């Protein structure tokens, strides 16, 4: 089953490094990032998990929970955790990793692409909102590590635009000017967001209201 933007994130129950959990109950009304790894004891994955552990405060500040997944068994996860902590300079792996040796979650989220591998997951990313709807999907090849600063940037954009009739321009980061959507009139935009910078009638910039 292919997961598309706007779909309700499929629920599942799975064993993790922090005990068995039901995904949507664990997520609650938070934002969440679910990201998969081809398997344990792989070099790129090791760096990625370390990078995410270092960013815990950033995800927490955005009300966002993070959970990883690998098709390797739980006992391998426990050994791999120690490798990650020792090689990536983190005190602890501070988020759960799903053990999915039967590939139930991987199949549910279409994380296995047969043209790449019949048995291991690609580097999939799903950002899920408080309403349990999928807000973003990304797929990376096994050879390319993900940029988690970019995921934080996307979460900032998603959280802003979920509350206001605004959009974010190319390469936007929090605090930069944002774009008023066409559904908002100039008058309403000025009342709600202040001064408008409009190089074209359809391209209207205002200050980031969350900055």
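Points worth noting:
- Cα-based Rg / Dmax (Å) for segment 64-168: 15.7, 47
- Each peptide in 12-20, 34-42 was scored by the mean count of other Cβ atoms within 10 Å over its residues; highest first, the order is 34-42, 12-20.
- Principal-axis tilt of helix 148-161 within the chain, Cα atoms, nearest 10 degrees: 40 degrees
- In degrees, nearest ten, helix 43-54 long axis to first principal axis of the chain (Cα): 60 degrees
- The alpha carbon convex hull volume per residue for segment 17-70 rounds to 81 Å³.
- Here the mean projected area of the convex hull built on the C-alpha positions of segment 124-211 is 6.8 nm².
- Label-to-label distance, nm, for residues given as residue 183 and residue 57 (7 Å Cα→Cβ offset): 3.7 nm
- Translational diffusion coefficient (Stokes-Einstein; Kirkwood radius from C-alpha pairs) of segment 1-150 at 25 °C, 0.890 mPa s, in µm²/s: 160 µm²/s
- Axis of helix 74-88 versus longest Cα principal axis of the chain: the two differ by about 60°, to the nearest ten degrees.
- In a fully extended conformation the segment linking residue 131 and residue 91 would gain 11.1 nm over its present Cα-Cα distance, using 0.36 nm per residue.
- Stokes-Einstein translational diffusion, segment 43-88 - Kirkwood Rh over all Cα pairs, 0.692 mPa s, 37 °C, in µm²/s: 286 µm²/s
- Its Cα gyration tensor gives segment 164-206 an equivalent ellipsoid; the semi-axes, largest first and in whole Å, are 16, 11, 9.
We did not get these values from a lab; they are worked out from the coordinates using the rules stated. Just so it is clear, the structure is predicted and the values come from calculations on it, not from any experiment. Please note: Cβ atoms are built from the backbone with ideal geometry, for glycine as well, and neighbour counts cover all protein chains shown.
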